[in-house]
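Notes follow once the structure below has been shown.
Bear in mind that the values in this text are calculations on the coordinates, not laboratory data. Note that the coordinates shown come from a computational prediction; the quantities given were computed from them, not determined experimentally. Every residue, glycine as well, gets a Cβ built from its backbone with ideal geometry; the counts of neighbours run over all protein chains shown.
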Amino acid sequence: MKSALRWIMGAAPLMLLALILAALAWVAAVEQEDPTLEQRYPQSVPVTPSGLPGGMVIVGDFDDRAQVTIRAPQSVWNSLRVDDFSAVVDLSGLDTGVHEVPVQVTLEKGPSRVVLVDPASTSLELAVETEQIVPVRVQIQGEPTLGYLMRAPILSPSHVTVTGPSTYVAQVVEAHAQVSVQDVTADVGQDLPLRLRDDEEQPVPYVALTPDVVTVRVPIELSGYYRILAVKVVPEGEVAPGYRITDISVDPPSVTVFGIPDVIAALPGYIETEPVDLEGAQADVVERPALSVPPNVAVVTGQQPVVEVSIEAIQSSVTVELVPELQGLGPGLTATVSPESIEFILSGPLPVLEALEDGDARLVLDLFKLPPGTHQVEPELVLPQGVSAQSILSATVQVEVFTAPSATPADG
């Protein structure tokens, strides 16, 4: 027994050495199969504040991020995601003011170890959170159209609640918006975003307001010294025979007049132009006629209307019978046509149709390169400008081409 014990005691160093060598061999094998890497994770990790004391708020937007260097096997690296990291700054027990707080990063996926966090700490400011109610002010820009009056704007809401760090909330004196009434002729209604301003009309940062939109209505009404009247065109004379009026337009269609309120109120809802001469007109008439303005009434400068009277020829139709004209017939050839004449329904301006004479409308048959024999030929209609063939009673004609008979010598 003693000899066995002495043998074990003597062999113990060798056994320990063998165990160490085996462990080293195993580590080397594992390391070769799954090497350990120490490097920076390629994506930054968002930093989250925790333990914020009650009634306190971080001044400004906290959106810090940290770069993390870790030591881990290759297999762990291959499976890492940003969500596997937890980066926090603990604000427990902190008072108001600026603080430098360490960034604490943990990685739950093992085996791994966080080696370095950059930055190691972050600076932030804490302040007491407070709120106050401030009035809404709307700045009116521009002026309504001449003759219109602007009344006081109606706001909803008239006050808003501002929340945030007490030092910044205390700077806010109003919530501000702008609305334009430039050249308007009716009420202006808009939903406008609000901006917070201090007593020097500068924006205030790090605060929020509720609500952040104001509904503004600016009443606009016509002054009693002004009135809008429609323009009534007074045509005079008759257009040329065979023509008709298709439209009468006025630009602008109404004008603003001004004068004593009682006189303005007694006017009808329109004002007439001086007569527009249409006698014998065969085309559009464009004029800028004067307005028949009653006594003690004037038209606002720059509102002289332009009158355009659209005139066009009356459209009609007529049936004509035309004898085909042969063109392109080869030498030594003659031809007969069946039918010998064709009826067409022509449409166009009545004055043009009434003035048609023989030869104004022609029917042409092109026989170029046609050999002897019977052919179906589509006629070509040649018409005066503005006239069209509304219907053709015969789409094609039959043409028989044959050699002309030789002349027979006279008997002696």
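Here are the numbers for the structure shown:
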item: Estimated distance in nm for a label pair at Q43 and A240, the labels positioned 7 Å out from Cα along Cα-to-Cβ; result: 8.2 nm
item: Sites L94 and D34, calculated FRET efficiency, Cβ-Cβ separation with R0 41 Å, nearest 0.05; result: 0.45
item: Derived scalar couplings ³J(HN,Hα) [the range 198-212; Karplus, 6.51 cos²θ - 1.76 cosθ + 1.60; whole Hz; x for Gly, Pro]; result: 8, 6, 9, 6, 9, x, 10, x, 6, 10, 10, 10, 9, x, 9
item: Helix-only CD estimate at 222 nm, as mean residue ellipticity for the chain, using -39500 (n - 2.57) per DSSP H run (n ≥ 4); result: -4000 deg cm²/dmol
item: For V47, residues with placed amide H under 5 Å, excluding near neighbours; result: D64, R65, A66
item: Volume per residue that the Cα convex hull of the range 226-313 spans, once the total is divided by residue count, Å³; result: 79 Å³
item: Separation of alpha-carbon centers, the range 170-202 and the range 328-354, rounded to whole Å; result: 78 Å
item: Estimated vicinal HN-Hα couplings, Hz - the range 319-333 in sequence order (Karplus 6.51, -1.76, 1.60; Gly, Pro = x); result: 9, 10, 10, 10, 9, x, 9, 8, 10, x, 5, x, x, x, 10
item: The range 349-363 - phi-based ³J(HN,Hα) in whole Hz, Karplus 6.51/-1.76/1.60, Gly and Pro as x; result: x, 4, x, 5, 5, 5, 8, 4, 10, 4, x, 6, 10, 10, 10
item: Net charge contributed by nearby residues that have their C-beta within less than 15 Å of A395 (K/R +1, D/E -1); result: -3
item: Overall dimensions of the range 128-222 by Cα: Rg and Dmax, Å; result: 15.2, 53
item: For the chain: relative contact order, % (alpha-carbon pairs under 8 angstrom, 6 or more apart); result: 9 percent
item: Loop-located chymotrypsin sites (Phe, Trp or Tyr not before Pro) in the range 129-227 whose Cβ has at most 15 other Cβ within 10 Å (DSSP); result: Y225
item: Debye log10 I(q)/I(0) for the chain, one point scatterer per Cα, at q = 0.06, 0.12, 0.13 Å⁻¹; result: -0.73, -1.13, -1.18
item: Tensor-based shape of the range 36-119 (alpha-carbon gyration tensor, a/c under 1.5 rounded, otherwise prolate or oblate); result: prolate
item: Amide H contacts under 5 Å for I314, placed H, 5+ residues apart; result: Y243, R244, L350
item: Descending semi-axes in whole angstrom, ellipsoid equivalent of the range 57-179, from the Cα gyration tensor; result: 51, 20, 11
item: Angle in degrees between helix 2-33 and the longest Cα principal axis of the chain, rounded to the nearest 10; result: 20 degrees
